[in-house]
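K.L.:
Following this message is one structure expressed as structure tokens.
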Amino acid sequence: MRTGIGYDIHRLVAGRPLILGGVKIPHPKGLKGHSDGDVLLHALVDAVLGAAGAGDIGVYFPPTDPRWKGADSRVFVEGARKAVRARKLKIGFLDAVIVAERPKLSEHRLKIRDRTAEIFGLAPEQVNIKAKTREGLGEIGRGQAIACFAVATLTR
Ligand code: MG
């Protein structure tokens with residue numbers, strides 16, 4: 001069994017859709033990024049690549065590459081799944097903590113989990129998504145960013 005950790009943070013800005021785990025969440029601001037800014041999928045991709053011993057998302061999809069401008073983050077997940085398959089591994093479980101002051105994510109949690117599972121080709125029971133606030137502290141607490149921590153477990 002192998003484990004990997006992932007982390008990501010993106011700025012919240014006006015005029016962008018907020019997409020988490022492939023789900024569009026109603027909010028006046030969205031995540032800024034070269035791609036669609038899906039901080040959850042990015043952290044999970046890094047966790048999966050970490051567990052596979054396959055580097056990180058930037059190795060496969062450099063943000064300087066115009067091909068990934070505005071990219072749907074599902075493309076990055078496809079890359080991670082390919083790296084896992086190439087090493088004859090498979091994803092056993094994904095766990096993540098989304099750190100966001102606003103919007104409140106509890107009502108979207110299961111939808112985000114189900115969509116994330118689908119994107120990674122997993123059963124919903126193989127994914128767990130948690131949401132935390134920063135109790136008003138720092139840039140996340142001021143609603144200027146959303147971060148995500150993730151852990152992936154891979155098996156042979
Ligand atoms: Mg990112």
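Any read-out appearing in this document is the output of simple, stated calculations on the displayed coordinates, not a laboratory observation. Everything numeric here is computed off the predicted structure, so don't read it as measured data. Glycine gets a Cβ as well: all are built from the backbone with ideal geometry, and neighbour counts include every protein chain shown.
K.L.:
Which of the aspartates and glutamates could a cross-linker bridge to K132, judged by Cα under 12 Å and excluding same-chain residues fewer than eight apart?
P.N.:
Within the straight-line limit of under 12 Å, K132 reaches these aspartates and glutamates: E101.
K.L.:
Turning to a different aspect of this structure: Going by how many other Cβ atoms sit within 10 Å of their own, how do L110, L20, L122 line up, fewest first?
P.N.:
With the sparsest Cβ surroundings first, the list reads L110, L122, L20.
K.L.:
Using only Cα atoms, tell me the angle between helix 109-120 and the longest principal axis of the chain; keep it within 0 to 90° and round to the nearest 10.
P.N.:
On a 0 to 90 degree scale, this one is about 40.
K.L.:
Enumerate the whole-percent occupancy of each 5 Å bin, from 0 to the last occupied one, for all C-alpha pair distances of region 22-108.
P.N.:
3, 13, 24, 22, 18, 13, 6, 2, 0
K.L.:
Using θ = phi - 60° and the Karplus form 6.51 cos²θ - 1.76 cosθ + 1.60, what ³J(HN,Hα) does each residue of region 92-101 get, whole Hz, x for Gly and Pro?
P.N.:
Each residue's phi maps through the Karplus curve to give x, 7, 10, 9, 8, 10, 8, 9, 8, 6 Hz.
K.L.:
Moving on. Please compute the alpha carbon radius of gyration of the chain, then divide it by the globular-protein estimate 2.2 N^0.38 Å. Two decimals is fine.
P.N.:
So the Cα radius of gyration is 0.97 times the expected 2.2 N^0.38 Å.
K.L.:
With axes computed from alpha carbons, what is the tilt in degrees of helix 74-86 against the longest principal axis of the chain, rounded to the nearest 10 within 0 to 90?
P.N.:
20
K.L.:
For region 19-84, which trypsin sites (Lys or Arg not before Pro) pass both filters: DSSP loop (anything but H, G, I, E, B) and at most 11 other C-beta atoms within 10 Å?
P.N.:
Listed in order of number, the matching sites are K69.
K.L.:
For R85, R156, what ranking results if the residue with the fewest other Cβ atoms within 10 Å of its Cβ goes first?
P.N.:
In increasing order of surrounding Cβ atoms, one gets R156, R85.
K.L.:
Can you tell me which of L44, L137, L12 moves the most in a GNM of the chain? Springs connect C-alpha atoms under 10 Å apart.
P.N.:
It is L137.
K.L.:
Give me E135, E118 ranked fewest to most by other Cβ atoms within 10 Å of their Cβ, as a rough exposure proxy.
P.N.:
E135, E118
K.L.:
Roughly what % antiparallel, to the nearest 5, for the DSSP beta bridges in region 1-150?
P.N.:
Looking only at bridges with both residues in region 1-150, the antiparallel portion is about 75 percent.
K.L.:
Extension gain A14-R85, at 0.36 nm per residue separation less the Cα-Cα distance, in nm?
P.N.:
21.7 nm
K.L.:
Now, a different point. Which value, in debye to the nearest 20, describes the size of the charge dipole of the chain about its Cα centre when Lys and Arg Cβ atoms bear +1, Asp and Glu Cβ atoms bear -1, and nothing else is charged?
P.N.:
Magnitude of the dipole: close to 180 debye.
K.L.:
Please compute, over every Cα-Cα pair in region 89-156, the percentage with a separation greater than 16 angstrom.
P.N.:
Here the tail beyond 16 Å accounts for 51 percent of pairs.
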